[in-house]
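Enquirer: Got a structure for you, written out below as structure tokens; questions coming shortly.
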Amino acid sequence: MVPNLNPVASRLPASISRLPAARVLTDRACKRLAFGSIFASVAFHLAYLAFDCPLDLSPDEAHYWQWSRHLAWSYYSKGPLVAWLIRASCELFGPLSESLVGSPMLAVRVPAVACHGVLLAGWYVLTAATLKSHRAALAVVLIALSFPIVVAGAVLMTIDPPFLACWCWAAVGVWKGLQSEEPTPTPSLKGGESDLRSSDASKGSEDASRAVTPSLKGGGRGVGLGWWGLAGICSALGVLAKYPMVMLPVCVFGNLLFNRREALRKPGFWVFVLGSVVGLIPIVAWNYANDWVSFKHVGTQATGSEGSGIRWFGPFIFAGGQVAFLIGVWFAMWAAAVWSHWRTPDPARAFLWWASVPVWGLFAAASFKASGQLNWPAAAYVTGFVLAVAWARDQLSGPYRTIVARFVGVGVVIGATISIVVHYPALIRPALAAVAGPVSEQDRAPIRKFDPTARLRGWRFLGEQVDIVRDRVRAETGEEPIVAGSGWNIPGVLGAYCKGHPETYSLGSALGDRHSQYDIWRPNPVADAQAFRGRTFVVVGGWPPADADVFERMEPPIVVTHCEDGVPVAVWWIWVGIGYKDFSKLPTASGRW
């Protein structure tokens, strides 16, 4: 009898393997279900964006869209990949987007949907390769589809969707490359399917499963270098998306140093490192020509706005934020998996651990100096999620299986519920409005304190209101007004949602905001006042005191309130300044980066 080498079957006790569901969920069935689910999610989100999306471009997305209109080798705060992807998508789908949704929103977000599918596919491959179980890989995909952060990554085109997809596939390449450098084992059992079941049932351990399951090794040095090359390419692209990609080679080095030192003497790992270095070249070259502004920006973020002082409660605040980020349940499972595998002899789980924990630890340490953002350690959860599923699978065959199963179920239900609400915030708007309390002069849109999607709504309406002002100014002066924002996060959405997609500017660096890409592009009103002198500006946002003497004359501000179902969601101020001078009478900019 030919031995059954199905790793899924070898993991199951005999009583479970005889169940109909166990026989149906073959490796092929798991693949079909997983990739069918991925395809369904991609198709749904494309249709959602094209026909049913209430969420406008976020300020970050619109900012990156502005970058895509000025292609470069790098940008003020990030690498160029996000801008390149958006530009390619707008070239392909821009006219379709304008016809379907009346803005570049759909074209901007198509790459996010694509990266969503690539990430999920990478998770499946990584799980199947490291845990040697297609059933576990299917579980990873299905559970991930309930994660609010994963679902949000299919809707919002920020730097994270391409970055996390690159991280995941780089991890696949590294693990496959390491596997290809080992000799292919020979199955140790001579019996058939029943032998595998009885062996696993009698021992009930991972070691027994690994002993009877041949690893999917490559076919020699050439194949191994091919996997390492994939890791290097993904690492290079990942660096171009987000700088923390450079941490993956460091994590892999740590894993090899402690667990598999001989791999450091082979070329594969260094091919991987070379890819990361290649990805840094355009970023470094661009910064060399632009006064190293990205390094100044990252340095400010890493050390806090003041650059001094220790935040002694920073790590606790950071950890609390991560608990919320992973809706409690998944953070607890990740933490349990990290704790139980910190000295694991399993090389696959050690790799997953090393590609997760150091990343998280670095940002936790950085929280002593800067608060950071919730998504900063997101890469830690790419391999960490696979490790958490491995831990949960172990518990399902132990005394705590009922508790763990219910825990997972609760996490899926909570995550799926939040994901639905993120897609359709109107479902809970009345409840949030009731909790937020009444509108006041001091708080004109109190729902924003409780509804994170509020920053994604109303921008189209604002663009329409700015267009009304632009039309009036054009009729009165006979010239096209300059459109600007009082901070770096406003001009992008104005460019995306105003008629004709005008070139827009930021006055933020003169008004106390940090520097941005708008200060790099020349000419701009702050650095090159002579090029704009005498022009009329339509400005959205705050404004300095009247004695700042920036314009010859300023009209009273127009207050614009965007309401949905009678609930104020966003409020802006539109200013019209006639006869631009300069910002020379304002205090010198703080130099915030």
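Read the figures in this text as sums done on the coordinates, not as results from a lab. In this text the structure is predicted, and so the values were computed from the model without any measurement. Cβ atoms come from the backbone with ideal geometry, glycine included; neighbour counts cover every protein chain shown.
Enquirer: Net charge near residue 525: determine it from the other residues with C-beta under 9 Å of the C-beta of residue 525, scoring Lys and Arg +1 and Asp and Glu -1. Mind dumping the intermediate values first?
Expert: Numbers: positive: 535; negative: 528, 582.
My count for the surroundings of residue 525 gives -1.
Enquirer: A further question on this structure: Can you list residues from other chains, or at least 5 along the same chain, whose modelled amide H is less than 5 Å from the amide H of residue 563?
Expert: Here 569 satisfy the definition.
Enquirer: Please determine, in degrees from 0 to 90 and to the nearest 10, the orientation of helix 221-241 with respect to the longest principal axis defined by the Cα atoms of the chain, where the helix direction is its Cα long axis.
Expert: Helix 221-241 sits at roughly 20 degrees to that axis.
Enquirer: Of the listed pairs 78/296; 369/449; 31/176; 78/585; 242/296, which have alpha-carbon separations greater than 21 Å here? List each step's numbers first, then the result.
Expert: Details: 78/296 12 Å; 369/449 26 Å; 31/176 19 Å; 78/585 32 Å; 242/296 16 Å.
Among 78/296; 369/449; 31/176; 78/585; 242/296, the Cα-Cα distance tops 21 Å for 369/449; 78/585.
Enquirer: So, counting K/R as plus one and D/E as minus one, what does the shell of residues with Cβ under 14 Å around residue 478 add up to? List each step's numbers first, then the result.
Expert: Details: positive: 470, 472, 474, 535; negative: 471, 476, 479, 480.
Residues near residue 478 contribute 0 overall.
Enquirer: Work out the charge dipole of the chain with +1 on the Cβ of Lys and Arg and -1 on the Cβ of Asp and Glu about the Cα centre, then indicate which of 295, 96, 131 is farthest towards its positive end.
Expert: 131
Enquirer: Oh, and also: Using a simple charge model, +1 on the beta-carbon of Lys and Arg, -1 on the beta-carbon of Asp and Glu, nothing else, what dipole does the chain show about its Cα centre, in debye to the nearest 20?
Expert: Using Cβ point charges on Lys, Arg, Asp and Glu, the chain gives about 2180 debye.
Enquirer: Can you give the calculated 222 nm mean residue ellipticity of the chain, where each DSSP H run of n ≥ 4 adds -39,500 (n - 2.57) and the sum is split over every residue, rounded to the nearest 500 deg cm²/dmol? Mind showing how you got there, number by number?
Expert: Values: 26 runs with 338 residues, N = 593.
The helix contribution divided over the chain gives -18000 deg cm²/dmol.
Enquirer: Right, something else. Taking 0.36 nm per residue of separation and subtracting the Cα-Cα distance, what length does fully extending residue 340 through residue 312 add? Provide the component values of the computation, followed by the final result.
Expert: On the way: separation 28, 0.36 × 28 = 10.08 nm, distance 2.77 nm.
Length gained between residue 340 and residue 312: 7.3 nm.
Enquirer: Right, next: Need one word for segment 272-327: rounded, prolate or oblate. Basis is the Cα gyration tensor (sqrt eigenvalues a ≥ b ≥ c); a/c below 1.5 gives rounded, then a/b vs b/c decides. Intermediate values should be presented prior to the final figure.
Expert: Details: a/c = 3.45, a/b = 1.62, b/c = 2.14.
Verdict is oblate for segment 272-327.
Enquirer: Then there is this: Select from 569, 456, 475 the residue farthest towards the positive end of the dipole of segment 456-580; place +1 on Cβ of Lys and Arg, -1 on Cβ of Asp and Glu, and compute about the Cα centre.
Expert: Checked the options; the winner is 456.
Enquirer: Next question, about the same structure. Would you mind counting up the charge near residue 400? Only other residues with Cβ under 13 Å from its Cβ, with Lys and Arg at +1 and Asp and Glu at -1. Present the calculation step by step, with values, prior to reporting the outcome.
Expert: Details: positive: 393, 401, 406; negative: 394.
It works out to a net charge of +2.
Enquirer: For segment 169-174, what does the Karplus curve 6.51 cos²θ - 1.76 cosθ + 1.60, with θ = phi - 60°, yield as ³J(HN,Hα) per residue in whole Hz, taken in order and with x for Gly and Pro?
Expert: 6, 5, 5, 4, x, 4
Enquirer: How would segment 248-392 be classified by its alpha-carbon gyration tensor: rounded, prolate or oblate, with rounded meaning a/c under 1.5 and the a/b versus b/c comparison settling the rest?
Expert: Details: a/c = 2.32, a/b = 1.10, b/c = 2.10.
Judged from the Cα gyration tensor, segment 248-392 comes out oblate (a/c at least 1.5, b/c at or above a/b).
Enquirer: Rounded, prolate or oblate: pick one for segment 231-270, where a ≥ b ≥ c are the square roots of the eigenvalues of its C-alpha gyration tensor, a/c under 1.5 means rounded, and failing that, prolate if a/b is larger than b/c, else oblate. If you can, show how the numbers build up before the last one.
Expert: Values: a/c = 4.44, a/b = 1.90, b/c = 2.33.
It is oblate, given that a/c is not under 1.5 and a/b is not larger than b/c.
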